[in-house]
Amino acid sequence: MSLMTARASLEEFSIKDPCFLDIKTHPDWVNIFGNNNPLKVEIGFGMGDFLIEMAARERYSNFIGIDFTKSGVQSLLTKVKTNQLGNIRVVYGDARNKFSALFRDEELETVYVNFPDPWPRKRHLKRRLFNPEFVNLLAQKLGPGGHIYMATDSELYAQQMMEYFDAEPSCQNMNQPSGFLCNRKGLPKTKYEKSFIYAEEKTYYLEYSRLPITGKPENPAKKDFLKSKNTPSFTEAEKQFKSNDLLLTEKFQSDEANAEDACDLKVVADSIAKAGDKKWAKKVYKKAEEKSRDSLDFNWLAYSIFETLGDTNWARSIYTKAADKSESSLELNWLAYSIFETLHDKEWAKNLYEKAANMPGNIRELCDLADSIHETLGEAHWVEKIYHLAEEKAEEYSDCHELADVIYKKFGNKEKPRELYKKAEEKATDGSDLHSLAESIYKNFADKKWAMSLYSKAEKKAQSSGDFCSLADSLYKNLNDKKWAFALYKKAESQAKTSCELRDLADSLCLGLEDFGWVRNLYVKSEREAKFFYEFRRLAECLFENLGDKKWARGVYKKAASKAIYTSEFNCLAISVRKNLGEEINRILF
């Protein structure tokens, strides 16, 4: 299912704990920690595992965790006490609002942001953690030579994060030519991160350093980029003298030697087994078992051992370890599903599902549990019971809205979803909430009157160009109300200030009202307001894709090239120019 993710609450929250800070502005960190050790911050620490491991590894650094979920704060404080760590302090709240007050300029040594919510829908982009203003704020708070480490599973969000940091004068991208790191040596993996690695899904890592001086040299990567286009790499030359088998063996040996944890070792063993050397793979799997720390490690390891080696007894013994390490309803759910899928042990899976159902869980975990039970055991009565429990727990807007969507889709029941949608309407906090709700009401009930009422409420709460634009898109698409959409697009234009806002509005008009005179005027304004590489590059792409104007696009590409600094930017530009104009980037550069 696709539940909305957690959002910052407006509620005040405090808890009596020596490691919990309820300080409004500029704490005296030396006094709080009793020393002058380096300050390191994690924004959005989830359940706190990453922060706990970092604090245990680096006893001579001070760590501050900021998160807006009460359950996460309580979980981290419990783990701090259990592990007797005196170098962690916990702050509740939205980092976007807290950061300026908590830290003075150049006070931080390191910032970690692990898997911030990508908020993929257009109407929700304003909720993303990273925007140019917040990136600038982070840069101000980092001391010279300080670092920020980021990770995300969203390619589009990763690209946007990189573009914002590349445009920040005081920050240096630490990985070229791609701009992204393929892994993060020396940093522990979060459970969320490992779930992507184990599922063989792409993860994007970024690292930036705060420059000791303001300003970056202009186009330092240009010569390197042009040179790289004509110089064969050492790796390619080396391949001419070595067989594929030898190269693969050397790679596996290197990967095994450099593996930092059970996750790395399991991935290496999987690759070795696929290459046909199951004896070697078994040895690496044994190493992975020794290094496994949590239920996720053991669960995925058991799955691989069963699938690649067919060793049922070994897999069963590791699944047992996974069960012993399970700490949440979600982990028990995943484990039960895996055991049913591999060992086909219905009784064991059922027992684990029962434990999961009796553990505290949020709406998402309950719905995921119901889905798993339905898919594996098919026990409809049990599934309905879990959904009923979820209904009783649903309090937040997102819980009520998404739960209503799920119940309607799975059971075709209109009465219960209608109650939950009404409750969601009462809990809605902004225009985006009401906008989303209007779409669900119209889609599921074809209730135009209720939908229009929600759209009207959403318009009253709209604050930005993006709010008005996405609202107009939805009205035109769902209700075909051109007059209302036109009025909202006009409001969006009056609010648009940045190049990106003007370009996004023009893009919407191309797909909606198709007023190309208006579109051209907006693109002209967008070009006038553009300052950074990514703004010009995106604008050039839109000019070609939406207007088919190669001449205009070429001119804007040339402006993008003049703003590019990193090799990764030139690479991105080269691909875009070749795709749209059918030219090589050299013709743009010279």
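Among the residues of the stretch 455-500, those that are of a type in the set (A, V, I, L, M, F, W, C) and within 29 Å of the chain's Cα centre (by Cα) comprise A458, A462, F468, C469, L471, A472, L475, A492, A496, C500. Annotation note: of K490, K551, K559, the sole residue that is free of Cβ contacts under 8 Å to residues at least 40 places away in the same chain, surrounded by fewer than 23 Cβ atoms within 10 Å (Cβ to Cβ), in a helix (DSSP H, G or I) and touching a helix residue (DSSP H, G or I) at 6+ places or on another chain (Cβ under 8 Å) is K559. For V91, the conditions (1) of a type outside the set (F, W, Y); (2) surrounded by 19 or more Cβ atoms within 10 Å (Cβ to Cβ); (3) touching a Phe, Trp or Tyr at 6+ places or on another chain (Cβ under 6 Å) all hold with the exception of (3). Among the residues of the stretch 272-286, those that are assigned to a helix (DSSP H, G or I), free of Cβ contacts under 8 Å to residues at least 24 places away in the same chain and surrounded by fewer than 17 Cβ atoms within 10 Å (Cβ to Cβ) comprise K279, K283, K286.
Across the stretch 241-258, which residue is surrounded by the most Cβ atoms within 10 Å (Cβ to Cβ) among those that are of a type in the set (A, V, I, L, M, F, W, C) and touching a residue at least 24 places away in the same chain (Cβ under 8 Å)? Step through it out loud before you land on a result.
First pass over the stretch 241-258, keeping only residues of a type in the set (A, V, I, L, M, F, W, C): 241, 246-248, 252, 257.
Next, only the ones that are touching a residue at least 24 places away in the same chain (Cβ under 8 Å) stay: 248, 252.
Numbers: L248: 15, F252: 19.
Here the residue is F252.
How about the stretch 71-120: which of its residues are among the small types (G, A, S) and within 24 Å of R59 (Cα to Cα)? Of everything in the stretch 71-120, those that are among the small types (G, A, S) and within 24 Å of R59 (Cα to Cα) turn out to be G72, S75, G86. All of L206, L247, L226 fail the test of being in contact with a Lys or Arg (Cβ under 7 Å, 6 or more places away or on another chain) and either modelled with pLDDT of 95 or more or not acidic (D, E) (or both), apart from L247. When you go through (1) out of contact with any Ser or Thr (no Cβ under 8 Å at 6 or more places or on another chain); (2) at pLDDT below 95; (3) over 17 Å from R128 (Cβ atoms) one by one for R96, which number turns out not to apply? All conditions pass for R96, except number (3). Only residues that are within 17 Å of S328 (Cα to Cα) and either among the acidic types (D, E) or touching a residue at least 24 places away in the same chain (Cβ under 8 Å) (or both) were counted across the stretch 372-388, and they come to 2.
Kindly establish whether D297 is touching a residue at least 60 places away in the same chain (Cβ under 8 Å), buried (at least 17 other Cβ atoms within 10 Å of the Cβ) and within 16 Å of Y198 (Cα to Cα). In short, yes. Here the condition is being surrounded by 16 or more Cβ atoms within 10 Å (Cβ to Cβ), of a type outside the set (D, E, K, R) and out of contact with any strand residue (DSSP E or B) (no Cβ under 8 Å at 6 or more places or on another chain); of L129, L142, L137, L108, it holds for L137 alone. With respect to T152, is the statement that it is within 24 Å of R57 (Cβ to Cβ) and surrounded by fewer than 19 Cβ atoms within 10 Å (Cβ to Cβ) true? In short, no.
For the stretch 499-548, the set of residues classified as within 28 Å of D166 (Cα to Cα) and not in a helix (DSSP H, G or I) consists of A530, K531, F532, listed by residue number.
Remark: pairs (first residue in the stretch 183-197, under 12 Å from A151 (Cβ atoms); second residue modelled with pLDDT of 95 or more and part of a helix (DSSP H, G or I); Cβ separation under 6 Å; 6+ apart in sequence or on different chains) = P188/F50; P188/E53; K189/C263; T190/F50; K194/C263; K194/L296; I197/C263. Kindly indicate whether E396 is of a type in the set (D, E) and touching a Lys or Arg at 6+ places or on another chain (Cβ under 7 Å). Answer is yes for this residue. Flag not set for K202, criterion: over 20 Å from A564 (Cβ atoms) and buried (at least 16 other Cβ atoms within 10 Å of the Cβ).
For the condition over 29 Å from G48 (Cα atoms) and part of a helix (DSSP H, G or I), I318 does not qualify.
Can D117 be described as surrounded by fewer than 18 Cβ atoms within 10 Å (Cβ to Cβ), in contact with a strand residue (DSSP E or B) (Cβ under 9 Å, 6 or more places away or on another chain) and modelled with pLDDT under 95? Please lay out each step first, then the result.
Values: surrounded by fewer than 18 Cβ atoms within 10 Å (Cβ to Cβ): yes; in contact with a strand residue (DSSP E or B) (Cβ under 9 Å, 6 or more places away or on another chain): no; modelled with pLDDT under 95: yes.
Taking the combined requirement at face value, the residue does not satisfy it.
Within the stretch 444-485, the set of residues being out of contact with any Ser or Thr (no Cβ under 8 Å at 6 or more places or on another chain), among the aromatic types (F, W, Y) and crowded, with 23+ Cβ neighbours inside 10 Å comprises just one member, F468. Filtering L330, L335 for residues that are touching a Gly at 6+ places or on another chain (Cβ under 9 Å), touching a residue at least 24 places away in the same chain (Cβ under 8 Å) and under 19 Å from S195 (Cβ atoms) leaves a single hit, L330.
Report, by residue number, each residue of the stretch 42-55 that is touching a Leu at 6+ places or on another chain (Cβ under 6 Å) and among the hydrophobic types (A, V, I, L, M, F, W, C). Of everything in the stretch 42-55, those that are touching a Leu at 6+ places or on another chain (Cβ under 6 Å) and among the hydrophobic types (A, V, I, L, M, F, W, C) turn out to be F45, A55. Considering the conditions (1) among the aromatic types (F, W, Y); (2) outside any helix (DSSP H, G or I); (3) more than 30 Å from A322 (Cα to Cα), Y205 is excluded by exactly one of them, (3). Please tell me if W280 is farther than 25 Å from L332 by Cβ and among the aromatic types (F, W, Y). When the stated conditions are applied, W280 passes them.
Pull up the stretch 417-443, narrow it to residues that are under 30 Å from N358 (Cβ atoms) and under 27 Å from the mean Cα position of the chain (by Cα), then point me to the one that is surrounded by the fewest Cβ atoms within 10 Å (Cβ to Cβ). Step through it out loud before you land on a result.
Of all residues in the stretch 417-443, those under 30 Å from N358 (Cβ atoms) come to 417, 419-421, 423-424, 427.
Imposing the further condition that a residue be under 27 Å from the mean Cα position of the chain (by Cα) reduces the set to 424, 427.
Numbers: A424: 27, K427: 17.
Of everything passing the filter in the stretch 417-443, K427 is surrounded by the fewest Cβ atoms within 10 Å (Cβ to Cβ).
Set side by side, the residues K414, K449 differ, and just one is over 30 Å from K497 (Cα atoms), at pLDDT below 95 and over 31 Å from the mean Cα position of the chain (by Cα), which is K414. Restricting attention to the stretch 504-551 and to residues that are of a type in the set (F, W, Y) and touching a Lys or Arg at 6+ places or on another chain (Cβ under 9 Å), the residue that is nearest to A492 (Cα to Cα) turns out to be Y523. Every condition in (1) at pLDDT below 95; (2) in contact with a Gly (Cβ under 7 Å, 6 or more places away or on another chain); (3) surrounded by 21 or more Cβ atoms within 10 Å (Cβ to Cβ) holds for L51 except the one numbered (1).
Residues in the stretch 573-585 that are surrounded by fewer than 22 Cβ atoms within 10 Å (Cβ to Cβ) and within 23 Å of Q160 (Cβ to Cβ): A574, I575, S576, R578, K579, N580.
The values are calculated or read from the model by the stated rules, or taken from the named source; none is laboratory data. These numbers come from a predicted model, not from an experiment. Cβ atoms come from the backbone with ideal geometry, glycine included; neighbour counts cover every protein chain shown.
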